[in-house]
Amino acid sequence: MKIPATLQHKPVVVSENYERIDGRLARNTDVKGLSLGLTQRNDKEKANLSAKVWRHTRENWSTQSEELPLHRVLDLSILLCRSLAHFREAYRYEHLYDPQEPIIDRVALQGDAMTVAICTDNERIQEDIKVFSQALSNDDEMISERLRALSKILKDMGY
């Protein structure tokens, strides 16, 4: 299925037929593509770049399609990687984290830092963290495959 190029988000680089590789949802998902392009609210004087997840119902493109600025895509990747690193060692903690120190890391960005922490405001954190940890474990092969691909690309780019 072709990603529309006539809507407000202007795709420049696309990954069509994403439904074939959408993780556990592969071949059974409404996500039909990913794109990098110009944002819906692009100012003519300043280009705003974004990534978009394209969803399609059986009839038309879904309003649940979502557009993210590229820096947020990278920030989500940082959050995921720091979380994966934490949960590899989380078995050391009775509750899979230290309730006295729920902050996992502070990643320096733009003169400040992104805090990566366990959400202690979640009233069900004790149950939810176990489910989350198990889901990460269940998806380890799929996530690891993508991280290895990303690692190779970053190394090839000199990072």
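Values in this text are rule-based calculations from the coordinates and carry no lab data. Just so it is clear, the model here is predicted, and its values are computed rather than measured. No Cβ is skipped: glycine too gets one built from the backbone with ideal geometry, and neighbour counts run over all protein chains shown.
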Item to complete: Kindly express, to the nearest 10 degrees and within the range 0 to 90, the angle between helix 70-89's C-alpha long axis and the longest C-alpha principal axis of the chain.
Response: 30
Practice prompt. Specify the angular offset, from 0 to 90 degrees and rounded to the nearest 10, of the alpha carbon long axis of helix 140-156 from the longest principal axis of the alpha carbons in the chain.
Written response: 70
Item to complete: Could you work out how far helix 125-138 tilts from the main Cα principal axis of the chain, as a 0 to 90 degree angle to the nearest 10?
Response: 60
Worksheet item: On average over all directions, what projected area in square nanometres does the stretch 71-156 have, based on the convex hull of its Cα atoms?
Response: 6.8
Worksheet item: Among 97, 159, which comes first, second and so on when ranked by fewest other beta-carbon atoms within 10 Å?
Response: 159, 97
Worksheet item: Which order results if 81, 119 are arranged by neighbouring Cβ count within 10 Å, fewest first?
Response: 119, 81
Worksheet item: Using θ = phi - 60° and the Karplus curve 6.51 cos²θ - 1.76 cosθ + 1.60, what whole-Hz ³J(HN,Hα) does each residue of the stretch 52-64 get, with Gly and Pro shown as x?
Response: 9, 9, 9, 10, 9, 7, 5, 9, 7, 5, 7, 6, 7
Response to the item:
Phi angles of the stretch 102-107, converted by Karplus (6.51 cos²θ - 1.76 cosθ + 1.60, θ = phi - 60°) into ³J(HN,Hα) in whole Hz with x for Gly and Pro, give x, 6, 7, 6, 10, 9
Practice prompt. Select from the stretch 47-118 those trypsin sites (Lys or Arg not before Pro) which occupy a DSSP coil region and have at most 15 other Cβ atoms within 10 Å, ordered by residue number.
Written response: 58
Worksheet item: Each residue of the stretch 10-25 in turn: what ³J(HN,Hα) in whole Hz from Karplus with 6.51, -1.76, 1.60 and θ = phi - 60°, glycine and Pro shown as x?
Response: 9, x, 10, 10, 10, 10, 8, 6, 4, 4, 6, 10, 6, x, 5, 8
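How long are the three semi-axes of the equivalent ellipsoid for the stretch 16-89, computed from the Cα gyration tensor as the root of 5 times each eigenvalue, in whole Å, largest first?
Numbers: eigenvalues 116, 96, 13 Å².
Working through the eigenvalues yields semi-axes of 24, 22, 8 Å.
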Fill in: the stretch 59-118, Rg to Rh (Cα coordinates; Rh as Kirkwood inverse mean 1/r)
1.15
Discussion item. Take the chain, mark every one of the GluC sites (Glu not before Pro) that falls in a DSSP loop and has at most 11 other Cβ within 10 Å, then report the longest stretch left between them, sites excluded.
Written reply: 1-44
Worksheet, complete the sentence: The long-range amide H neighbours of residue 48, using H built 1.01 Å from N in the peptide plane and a cut-off of under 5 Å, are 39, 43
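Note the per residue figure in Å³ for the convex hull of the C-alpha positions in the chain. Could the numbers behind the result be given before it?
On the way: hull volume 27.8 nm³, N = 159.
Roughly 175 Å³ of hull volume per residue.
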